[in-house]
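Worksheet: the structure to be examined is printed underneath.
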Amino acid sequence: MDRLAIVIVTFKRQELLGRLFDSIAGLTVAPWRIVVVDNENSPRTAKMAAGLSARLAAQWGETPAEPDSAGKTGRVVYDPQKTNTGGSGGFSEGVRCAFELGAEWFWVMDDDVAVLPDALERLEPWSARYDVVQGQRYDYDGTPFFWQHHFMTALCIYNPLSRAGFNGSDHLDVNVMCFEGALFRRRVVERIGLPDHRFFIYYDDAVYGYLASKVCQPVLVPDYVLRRTREVPHQEVGASGVRQISSTSDMTRYYIMRNRGYMARYFMLHGDYNPVGYAFGTLLSFAKEALRLALVDRGHFGPSWARLWAGYRDSRTVLHDPAWEPMPPLG
């Protein structure tokens, strides 16, 4: 793939980031750039990025025939932030940085994954057919990672029954992305703009994939390209553990509810907003978080419930904010 930039967002997880860097050095195809967005602005992370740059220069050389817009040829670009902008702000900044450098493809990921050695070789054929490609991931324990690949816009929730069963097809049409391994082309960014930094965390990738589905057809492919390197406690529910409920934090609980308001605003723009369905989906989201608290995150139920309620309250503010605007296109 021409001028492919790996965009990584990291925050205070240098051990995990080091594993990701090691896996990038093990790729069988060299990426054009690696943009490291550091939400901690840590000297330690800056040193790690410089070390990766030297390591890759010795291994692959620089890219003298393909300088970026700044005239640089080094493969690693370190992009520290003054404050923690969350995963959403980090991905928005990372895509912006890579876009301005001249990237044609963006492969985005958090710091708690490792790339598989032949990942780019596996993604290459799909890039000739599609502008948005989501490869599959292994979980921490080596099993396939469960991902809900379809968003029910009427309810503003992921379809709980969507699973990666290809049933003889070589791919699945999807309407979301996951910023653990989503691959997308420059012309998509030009048309839909940058990821929305206002989400801070959660649902930013779902909405970005939804917006991409309005200008092209995103696909989920059967090729495994990543492995998660951080174990997250979870509880299996349903027959034979067909569904998992994972642990989360009170901060995430807040944004799960607050960001429903942002999703609804984007759905309104494209005629997919259903107020009755949205209300029912909000009820279901509350129920899921209550179940998560009961099964996985036992403990401070009172403070956790308060964060859920605060998120719901603030989602109503976003939903009715007359000054709200979508992220602008870049083309």
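From the list 62, 93, the one residue that fits, being among the acidic types (Asp, Glu) and assigned to a loop (DSSP other than H, G, I, E, B), is 62. Could you please let me know if residue 244 is modelled with pLDDT under 95, in contact with a helix residue (DSSP H, G or I) (Cβ under 6 Å, 6 or more places away or on another chain) and not small (Gly, Ala, Ser)? For residue 244, the condition - modelled with pLDDT under 95, in contact with a helix residue (DSSP H, G or I) (Cβ under 6 Å, 6 or more places away or on another chain) and not small (Gly, Ala, Ser) - is not met. Filtered by the rule that a residue be open to solvent by 30 Å² or more (accessible area, probe 1.4 Å) and either part of a strand (DSSP E or B) or of a type in the set (Lys, Arg) (or both), region 106-138 gives 110, 122, 129, 138. Between 5, 30, 103, which is buried (at least 22 other Cβ atoms within 10 Å of the Cβ), modelled with pLDDT of 95 or more, in contact with a Leu (Cβ under 9 Å, 6 or more places away or on another chain) and in a loop (DSSP other than H, G, I, E, B)? When all the criteria are applied, what remains is 103. Candidates are the residues of region 251-283 that are crowded, with 18+ Cβ neighbours inside 10 Å and hydrophobic (A, V, I, L, M, F, W, C); the one that is nearest to residue 84 (Cα to Cα) is 256. Considering the conditions (1) assigned to a helix (DSSP H, G or I); (2) open to solvent by 20 Å² or more (accessible area, probe 1.4 Å); (3) hydrophobic (A, V, I, L, M, F, W, C); (4) at pLDDT 80 or above, residue 324 is excluded by exactly one of them, (1).
Residues of region 256-297 being of a type outside the set (A, V, I, L, M, F, W, C) and more than 17 Å from residue 207 (Cβ to Cβ), which ones? If the condition is that a residue be of a type outside the set (A, V, I, L, M, F, W, C) and more than 17 Å from residue 207 (Cβ to Cβ), then 275, 288, 289, 292, 297 are the ones that fit. Looking at 51, 71, just one residue is of a type in the set (Gly, Ala, Ser) and in a loop (DSSP other than H, G, I, E, B), and that residue is 71. Residues satisfying the criterion are absent from region 152-161 (criterion: open to solvent by less than 20 Å² (accessible area, probe 1.4 Å) and over 24 Å from residue 202 (Cα atoms)).
Please determine whether any residue of region 35-48 is small (Gly, Ala, Ser), more than 21 Å from the chain's Cα centre (by Cα), surrounded by fewer than 20 Cβ atoms within 10 Å (Cβ to Cβ) and farther than 23 Å from residue 136 by Cβ. Taking every residue of region 35-48 in turn, at least one turns out to be small (Gly, Ala, Ser), more than 21 Å from the chain's Cα centre (by Cα), surrounded by fewer than 20 Cβ atoms within 10 Å (Cβ to Cβ) and farther than 23 Å from residue 136 by Cβ.
The values are calculated or read from the model by the stated rules, or taken from the named source; none is laboratory data. All figures in this text were calculated on a predicted structure; none of them were measured in a lab. Counting neighbours? That spans all protein chains shown, and the Cβs are built from the backbone with ideal geometry, glycine included. Side chains included, ligands, DNA and RNA excluded: accessible areas come from the protein's heavy atoms. Shrake-Rupley method; radii C 1.70, N 1.55, O 1.52, S 1.80 Å.
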